[in-house]
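Asks: Below is a structure I'd like to ask you about.
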Amino acid sequence: MVKKGSGLSCCSIAHRGLSAEAPENSLLGFELAGQRGVWGIETDVHATADGALVCIHDDTVDRTTDGTGPVREMTFQQLRRCHIDRGRGIERCENREIPTLTAYLDICKRYGAVAVIELKGVSCLEEVRAVYETGQGMGMEHRCMCISFQIERLRELRTLTESIPVQLLAERGTKETVDRAAALGNSGIDFRTTKTGLSLPAYAHQKGCTVNVWTVNWAFRKEMWARAGADFLTSNRW
């Protein structure tokens, strides 16, 4: 069961794995986050040309790997030839393949962490269904939370299940964004820390929404948002 934080006890979410100590969205980063005992491990999911689901942030492989090209235009086998070649702790990273959603979920399951899945390069109901069924098949349906900037993806997920919590991502949290998120049910808002006022969590809670703040890397900011009522804090360092 996914539960929110309470009072000054916020749920800790590792942003793209423990990305302050390992390359983002790498198997090592997910493992280190699990070992650190965080509440949740966040990743970004994209679909390949042949429908495989992989964990990578950008629409292309260029920034984080030795390959080049859009993820959506590559088959899974083509993507397997790309290897992560940058990021903190890269020298410790033995397996540099772009992780599959299944491999990521397996790590979350082993460490008892909630899988916080951003539906990023997922563009239709069929792909949302594939994400949902992958988690369901691994027994992680009740240990997942899905987030997205694309409210349509969250609405599509709602046609499949009401039990998975969802959060609407926003660069800047506003009352209007909270209202849109609240309409989804079992939902929350996930906003950038530097662009949102400290009064928003109170309004979100009035509307029945949870509050997630990203990316909160410094102790004083974590305490500030905890006192403001945030339920989740997403950070590169824990």
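Asks: Could you tell me the calculated FRET efficiency between residue 136 and residue 103, based on Cβ-Cβ distance and R0 = 22 angstrom, to the nearest 0.05?
Replies: 0.85
Asks: Hey, for a label at residue 150 modelled as a point 7 Å past Cα toward Cβ, could you say which residues of the stretch 104-136 have their backbone N under 13 Å away?
Replies: 118-131
Asks: Apply 1/(1 + (r/R0)^6) to the Cβ-Cβ distance of residue 192 and residue 94, taking R0 = 45 Å, and write down the FRET efficiency to the nearest 0.05.
Replies: The calculated FRET efficiency here is 0.85.
Asks: May I ask you to give the solvent-accessible area per residue for the chain, in square angstrom, as obtained with a 1.4 angstrom probe?
Replies: Computed with neighbouring chains in place, this is 44 Å² per residue.
Asks: Tell me the label-point distance for the pair residue 163, residue 75, using the 7 Å Cα-to-Cβ offset, in nm and rounded to one decimal.
Replies: Roughly 3.6 nm, to one decimal.
Asks: Given points 7 Å out from each Cα along the Cα-Cβ axis, report the residue 171 to residue 227 separation in nanometres with one decimal.
Replies: Computed distance between label sites residue 171 and residue 227 equals 2.9 nm.
Asks: Straight-line reach from residue 207: which aspartates and glutamates fall under 17 Å, measuring Cα to Cα and dropping same-chain residues less than 8 apart?
Replies: Partners within reach: 176, 179, 190, 231.
Asks: Of 134, 52, 116, whose Cα points farthest to the positive end of the dipole of the chain (charges on the beta-carbon: +1 Lys, Arg; -1 Asp, Glu; origin at the Cα centre)?
Replies: The residue sitting farthest along the positive end of the dipole is 116.
Asks: May I pose another question? Let a ≥ b ≥ c be the square roots of the eigenvalues of the Cα gyration tensor of the stretch 112-238; is it rounded (a/c under 1.5), or, if not, prolate (a/b larger than b/c) or oblate?
Replies: It is prolate, given that a/c is not under 1.5 and a/b is the larger ratio.
Asks: Here is a follow-up. Counting only helical runs of four or more DSSP H residues, what would the 222 nm mean residue ellipticity of the chain come to if each run contributes -39,500 (n - 2.57) and the total is spread over all its residues?
Replies: Roughly -8500 deg cm²/dmol at 222 nm, from the helical runs in the chain.
Asks: Say R0 is 30 Å: what FRET efficiency, to the nearest 0.05, do residue 179 and residue 218 get from their beta-carbon distance?
Replies: 0.50
Asks: Taking 8 Å as the Cα distance limit and 6 or more residues as the minimum spacing, I'd like the relative contact order of the chain as a percentage.
Replies: 21
Asks: In the neighborhood of residue 197, defined by Cβ-to-Cβ distances under 15 Å, what is the net charge if each Lys or Arg adds +1 and each Asp or Glu adds -1?
Replies: My count for the surroundings of residue 197 gives +4.
Asks: Leaving ligands, DNA and RNA out of it, rank 39, 225, 218, 238 by accessible area with a 1.4 Å probe, largest first.
Replies: Correct descending sequence by accessible area is 218, 238, 39, 225.
Asks: Can you send over the carbon and sulfur percentage of the accessible area for the chain, probe radius 1.4 Å, protein chains only?
Replies: Taking all protein chains in place, the chain shows 48 percent carbon and sulfur surface.
The values are calculated or read from the model by the stated rules, or taken from the named source; none is laboratory data. Keep in mind that this is a model prediction, so the values were computed, not measured. For neighbour counting, all protein chains shown are included, and Cβ atoms are generated from backbone atoms with ideal geometry for every residue, glycine included. Ligands, DNA and RNA are excluded from the accessible area calculation, which covers all protein heavy atoms including side chains. Shrake-Rupley method; radii C 1.70, N 1.55, O 1.52, S 1.80 Å.
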